[in-house]
Structures are given as C-alpha cells and as structure tokens.
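Only the coordinates and a few stated rules stand behind these numbers; no lab work does. Predicted model, so just to flag it, every value in this text is computed and none were measured. Here the Cβ is made from the backbone with ideal geometry for all residues, glycine too, and neighbour counts use every protein chain on show.
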C-alpha cells in the first residue's frame with residue numbers, strides 16, 4: 001500500500017464500516033425476533049377479537065410486546081382507542 | 001467418553017469441510033483417536049478433501065440402516081493411524097438421518113474414540129440440525145462478510161435451543177468462532193470486517209483466524225488436509241486452532257499486515 005492509497009483509504013470511509021453498522025442492527029433485530037415466544041401473534045389476534053366486542057378499535061393501533069428483564073418479563077399491551085370510542 | 005465437535009456455519013462455501021478435515025487431522029496428529037463424519041448426505045465432499053474418495057465402500061446411511069457395521073464403513077487415513085473418516089451417502093436423501101440412527105452411531109463411536117468431528121452441511125435442514133444435535137462443542141466457521149456473519153448468528157440461536165444439551169437442561173454447547181478467508185490488507189483498507197468487528201457482533205470466543213490463502217485450494221486439489229502443509233500460513237493457523245482447542249494459550253497470528261520497510265510502505269509494493 002503506497003502513500004496515495006493511504007490517503008485514498010482514509011478519505012473514503014470504506015464499506016466495512018457500513019457492513020458493521022448494518023450487521024449490528026440486523027443481528028439485534030434477529031435475536032429479538034428469535035427470543036419472542038411463538039404465542040404472541042395469536043395472543044394479539046384473540047385480544048383484538050375480545051376487545052372489538054366492546055369498543056371499536058383500529059387493529060394497527062394494538063401492539064403486544066414481551067420485554068425480557070433480569071428478574072421478570074413484562075408483557076406490554078398497548079391499545080389506542082379511537083376518538084369516538 | 002468421546003467429545004463431539006460440530007463444524008457449522010449456516011452459509012455454504014465458508015470453509016466448513018476444509019476446517020473439519022484440518023481440525024480432525026490436527027487432533028489425530030496430537031495422538032487422539034479421532035473420527036470425522038460427513039453429514040452432507042447427497043452431496044458428500046469430505047472424502048475428496050481428505051483424499052480417500054476412491055476407498056469409499058459403505059457410508060453413514062448404510063451404518064444407520066444396518067446394511068454395514070461401523071468397522072466396515074470407517075476409512076482409516078493412510079497418513080495418520082488415529083484418524084478415521086465416515087463418508088456421507090451420495091445417493092440417499094437427508095431424511096435418512098434419523099435422531100435415533102445418528103445417536104446410535106455416535107454412541108458406538110464414543111466407546112473407542114477421543115474426538116468425533118461432525119462436518120455439517122450448509123443450511124438449517126436435517127443434515128445440519130442432526131450434525132449439531134449431539135454436539136458438546138461447536139466451531140462456527142464465519143467469513144468476514146455480512147451474509148456469513150448473519151447466518152452464523154442464526155446457527156448460534158439453533159445451537160442454544162435445539163440441541164440435546166438444551167433439551168436435557170445440561171450445560172450448553174461450548175461455541176467457538178473460527179474466522180476464515182481473512183485478509184489483513186483488505187481490513188486495513190477498510191474494505192473488510194475486522195476480527196474485532198465480527199467478534200463484537202457475535203460475542204464468541206475466538207478459536208482462530210485462517211488467512212485467505214492459496215494453500216487451501218492447493219490442499220483440496222490434491223486431497224491433503226491443509227494442516228499438513230506445515231509451511232503454509234493457513235496450515236499453521238489450523239495448527240494453532242487445534243492447540244487452542246486443547247487449551248494452549250497461543251497468540252493469534254496472521255491478523256496483522258506483514259511488516260514492510262519504510263520505503264516499500266511509502267511507495268507501495
């Protein structure tokens with residue numbers, strides 16, 4: 001590697017750093033997905049069905065999340081009711 | 001009682017068979033009675049890399065189905081007395097590898113061998129999951145390249161959840177990273193993920209780094225595991241890998257640029 005190459009390399013960021021950033025995000029996402037219990041999507045469907053009996057809800061405004069902690073896991077259920085609900 | 005080591009990666013073409021052949025040969029050269037098994041049913045290649053392709057009579061599936069016994073199927077390496085190859089079947093499909101069948105063969109081998117090296121096929125289907133299921137240790141072969149790193153992480157998830165050790169709540173499989181086809185020059189230029197990048201992402205113990213090397217193709221061309229090419233960088237890197245696996249504290253080599261003089265550095269070359 002010559003002097004010119006050195007300046008060229010240090011000027012452009014190099015694609016390795018892009019690879020690193022993409023992988024960090026991707027692997028974190030893959031792992032979160034992997035650790036999710038398989039019953040979550042079904043649970044979400046059934047919750048929507050039950051709640052819909054009583055109030056009108058937008059299904060895109062329902063989220064079910066499981067957060068794993070050191071001592072306890074938290075099942076978080078978030079439903080945004082419509083303005084007229 | 002033997003220790004079972006799986007060589008895995010998810011992605012194909014990263015160097016699993018090269019690694020399984022070199023690693024098994026290295027263990028045998030250290031005096032351990034070692035068997036290396038090809039789990040790639042339908043696409044066998046370990047026999048070629050080991051240079052025993054013309055001596056295959058019976059295979060892994062024959063033994064599982066009771067059509068041959070282990071002694072008939074195991075091929076003794078001509079260079080090293082302690083080393084035996086169990087080839088995959090070329091004609092059957094992967095469904096022939098049942099959990100009971102594979103477990104039975106591994107159990108029988110474990111009576112008389114010190115190490116059993118399982119060469120996994122690419123992918124996450126039956127051959128790959130069977131190669132992992134009974135493992136005590138896993139060598140995850142990874143190239144410094146995005147798809148390989150991602151696939152390796154996926155394999156770590158499977159190793160942690162779908163192995164015999166996981167199902168029986170035993171100590172988990174010990175997992176090691178083996179980074180292959182590494183080019184310090186390209187890392188220096190910022191074109192390739194570094195050892196540290198890959199280690200940070202996968203958080204694994206580093207068993208070794210195998211440099212991109214002409215000697216690997218030379219070795220496979222001639223059916224000689226590259227670890228026997230003692231002059232080559234890749235051969236020496238694999239010898240270090242075996243040493244580290246056996247508990248020796250060896251510094252990592254071949255991960256820095258070779259030192260050059262001031263003038264050649266300034267003007268290139």
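Once C-alpha pairs closer than 8 Å and six or more residues apart are averaged by separation and normalised to the residue number of the range B:96-136, the relative contact order reads 41 percent.
Compactness of the protein assembly as shown, taken as the C-alpha radius of gyration over 2.2 N^0.38 Å, stands at 1.19.
When both the range A:30-55 and the range B:88-102 are represented by their alpha-carbon centers, they are found 38 Å apart.
Among beta bridges from DSSP that stay inside chain B, the antiparallel ones total about 5%. Once you wrap a convex hull around the alpha carbon atoms of the range B:150-257, what is its projected area averaged over all directions, in nm²? That works out to 8.3 nm².
Relative to the longest principal axis of the Cα atoms of chain B, helix B:16-29 runs at roughly 80 degrees. Only Cα pairs under 8 Å and 6+ residues apart enter the sum, and on that basis the relative contact order of the range B:54-99 stands at 38 percent. Entry note, chain B: relative contact order of 24 percent, from Cα contacts under 8 Å with a spacing of 6+ residues. One decimal place: the segment residue A:46-residue A:76 gains 9.3 nm when fully extended, by the rule 0.36 nm per residue minus the C-alpha distance.
May I ask for the angle, rounded to the nearest 10°, between helix B:233-245 and the longest principal axis of chain B, with both axes built from Cα atoms and the value confined to 0 to 90°? Rounded to the nearest ten degrees, it is 60. In chain B, the longest principal axis of the Cα atoms and the axis of helix B:146-161 are about 40 degrees apart. So, R0 is 35 Å and r is the distance between the beta-carbons of residue B:67 and residue B:248; what FRET efficiency does that work out to, to 0.05? Computed FRET efficiency for residue B:67 and residue B:248 comes out at 0.25. Note on B:150, A:31: ascending count of other Cβ atoms within 10 Å places them as A:31, B:150, the fewest first. Any chance you could check the Cα centroid distance between the range B:5-40 and the range B:121-170 for me, in angstrom? What the calculation gives is 14 Å, centre to centre. For residue B:107 and residue A:24, a Förster radius of 30 Å and the Cβ-Cβ distance give a FRET efficiency of 0.15, rounded to the nearest 0.05.
Counting Cβ atoms of other protein chains within 10 Å of each residue's Cβ and taking the mean over peptide A:23-30 gives 4.
Among B:77, A:35, B:59, the ranking by other beta carbons within 10 Å of each residue's beta carbon, starting with the fewest, stands as A:35, B:77, B:59. Assign one of three labels to the range B:109-172, namely rounded, prolate or oblate, based on the Cα gyration tensor with a ≥ b ≥ c the square roots of its eigenvalues; rounded applies when a/c is under 1.5, prolate when it is not and a/b is larger than b/c, and oblate otherwise. Verdict is prolate for the range B:109-172. Taken residue by residue and averaged, Cβ atoms of other chains lying within 10 Å of the Cβ of A:76-82 number 0.
When chain B is treated as a GNM with alpha-carbon contacts under 10 Å, the residue of B:88, B:128, B:68 showing the greatest mean-square fluctuation is B:68.
Each 5 Å bin from zero up to the one holding the largest Cα-Cα distance in chain B carries the following percent of pairs: 1, 6, 13, 18, 20, 17, 12, 7, 3, 2, 1, 1, 0, 0.
With both labels modelled 7 Å from their Cα along Cα-to-Cβ, the residue B:217 to residue A:58 distance reads 5.8 nm. Once the Kirkwood radius over Cα pairs is known for the range B:41-176, the Stokes-Einstein relation at 4 °C and 1.567 mPa s delivers a diffusion coefficient of 81 µm²/s.
Here's the picture: a label point sits 7 Å out from the Cα of residue A:17 along the beta-carbon direction, and within the range B:116-156 the residues with their amide nitrogen under 19 Å of it are B:145-146. For the options B:139, B:255, B:173, a Gaussian network treatment of chain B with springs between C-alpha atoms closer than 10 Å singles out B:255 as fluctuating the most.
Taking a ≥ b ≥ c as the square roots of the Cα gyration tensor eigenvalues, the range B:1-120 comes out rounded, since a/c falls below 1.5.
Cβ-Cβ distance of residue A:31 and residue B:196, R₀ of 22 Å, FRET efficiency by 1/(1 + (r/R0)^6): the value works out to about 0.65.
Counted by neighbouring Cβ atoms within 10 Å, the residues B:11, A:53 run from fewest to most as A:53, B:11. What is the range B:94-134 by shape, rounded, prolate or oblate, if you read a ≥ b ≥ c off the alpha carbon gyration tensor as root eigenvalues and call it rounded for a/c under 1.5, prolate for a/b larger than b/c, and oblate otherwise? It comes out oblate by the Cα gyration axes. Please find, in a Gaussian network model of chain B (springs between Cα atoms separated by less than 10 Å), the residue of B:151, B:197, B:229 whose mean-square fluctuation is greatest. Among B:151, B:197, B:229, the largest GNM mean-square fluctuation belongs to B:197.
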